[in-house]
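I have placed the structure first, in the form of structure tokens, so that the comments after it can refer back to it.
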Amino acid sequence: MTIELFPRLDTFSAREIWEDYSSDLDRIPEWDIHHPAVTYTQTGGSKVTDGRLRGIRSRLVEIAGECGFPERAPREATTRFDLLAARYLSEESGIPVCEAMRQDIWAYFSLILAPDITDWRFDGRPRERWTSGIRNTFGILWRRGYLIGVDHQDGRGGGWKTLEALTQDALVQIMERTSLTSDPKTARIIAETWCHTSELRSREAPMEAVMRSASRNLRAYRVTQDLDALPEKSLRDRVSAAFRAALKEHTAGSSRPQ
């Protein structure tokens with residue numbers, strides 16, 4: 001089976017295009033398929049067709065339109081866009097995983113293929129949402145879907161409900177800690193445990209603080225033990241222990257006399 005190779009923008013080119021956009025915030029960026037700075041990997045597959053790229057853009061525009069695009073939308077609408085677009089990009093679009101893991105293809109998406117959607121989703125054109133990097137508008141959505149939402153035939157299922165339940169802070173802690181959650185099994189178990197802990201906690205234990213403490217605990221543990229290599233039960237026990245300790249810490253801390 002031939003792998004589709006997607007367009008890429010190197011860091012320098014992406015920065016240059018973003019600077020052009022950010023110099024005039026009133027100008028709505030125009031989308032295209034082609035750009036002189038676009039490159040492809042030289043081996044390992046065949047270039048994706050223009051028709052495929054237009055089809056992907058068309059579906060992203062359709063999803064954004066359901067959420068208020070091109071008009072400015074409330075937080076609930078953009079949150080819905082994030083979920084729907086994450087599912088489309090990671091599960092339905094057919095973008096090969098080996099290509100989707102390249103941050104420079106997402107710079108192409110945000111700057112060339114769908115800059116109008118990027119601009120709609122994030123006011124002020126913050127650079128990290130446009131160029132390559134962990135916070136790229138479309139790259140982070142694919143990552144959320146791939147790590148938490150997609151059924152990797154592991155028998156767990158329910159990933160999309162789990163993803164929908166996560167708060168923005170929880171998503172940041174899971175998605176942006178690449179040293180902690182580079183494997184779907186680990187990411188999904190952390191997300192599921194967050195949901196379970198959120199249901200059990202008392203009001204006195206702020207979930208943001210619990211999540212951050214649990215994340216620190218797990219990163220410290222990972223120094224000596226590869227979490228991804230643990231059998232599922234052992235991994236689930238380890239993650240649960242980290243959340244229990246964090247919950248106890250912040251529940252006890254909130255009840256101390258001032």
Checklist entry - Looking at Arg144, is it part of a helix (DSSP H, G or I), of a type in the set (D, E, K, R) and surrounded by 15 or more Cβ atoms within 10 Å (Cβ to Cβ)? => result yes
Item to check | The lone exception for Gln42 - which of (1) of a type outside the set (A, V, I, L, M, F, W, C); (2) closer than 19 Å to Gln103 by Cα; (3) assigned to a helix (DSSP H, G or I) it fails | outcome: (3)
Checklist entry - on the phi < 0 side of the Ramachandran plot and more than 19 Å from the chain's Cα centre (by Cα): does that describe Pro70? => result yes
Checklist entry - Regarding Arg216, is this residue surrounded by fewer than 16 Cβ atoms within 10 Å (Cβ to Cβ), part of a helix (DSSP H, G or I) and of a type outside the set (S, T, N, Q)? => result yes
Checklist outcome for this item: Scanning the stretch 195-220 for residues that are modelled with pLDDT of 90 or more and either under 20 Å from Arg135 (Cβ atoms) or among the polar types (S, T, N, Q) (or both) gives Thr197, Ser198, Glu208, Met211, Arg212, Ser213, Ser215, Asn217, Arg219
Next on the checklist: Step by step: first the residues of the stretch 163-197, then only those that are crowded, with 18+ Cβ neighbours inside 10 Å and of a type in the set (S, T, N, Q), then the one that is nearest to His250 (Cα to Cα). Which residue is that?
Outcome noted: Thr197
Item to check | Those residues of the stretch 122-137 which are more than 21 Å from Leu84 (Cα to Cα) and touching a residue at least 60 places away in the same chain (Cβ under 8 Å), in sequence order | outcome: Gly124, Arg125, Arg127, Thr131, Ser132
Checklist entry - Hey, among the residues in the stretch 202-227 that are hydroxyl-bearing (Ser, Thr, Tyr) and under 22 Å from the mean Cα position of the chain (by Cα), which one's farthest from Leu166 (Cα to Cα)? => result Ser213
Checklist entry - Taking the stretch 6-27, which residues are touching a residue at least 60 places away in the same chain (Cβ under 8 Å) and exposed (fewer than 13 other Cβ atoms within 10 Å of the Cβ)? => result Leu25
Item to check | Selected residue (criterion: surrounded by the fewest Cβ atoms within 10 Å (Cβ to Cβ)) from residues of the stretch 35-61 that are of a type in the set (Lys, Arg) and within 22 Å of Ala85 (Cβ to Cβ) | outcome: Arg54
Checklist entry - Do we have Trp120 as part of a helix (DSSP H, G or I) and within 24 Å of Ala170 (Cβ to Cβ) here? => result no
Item to check | Scope the stretch 173-201; condition more than 16 Å from the chain's Cα centre (by Cα) and farther than 17 Å from Ser234 by Cβ; matching residues | outcome: Trp194, Cys195, His196, Thr197, Ser198, Glu199, Leu200, Arg201
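The values are calculated or read from the model by the stated rules, or taken from the named source; none is laboratory data. Since this is a predicted model, take the numbers as computed values, not measurements. With ideal geometry, Cβ positions are generated from the backbone for all residues, glycine too; neighbour counts draw on all protein chains shown.
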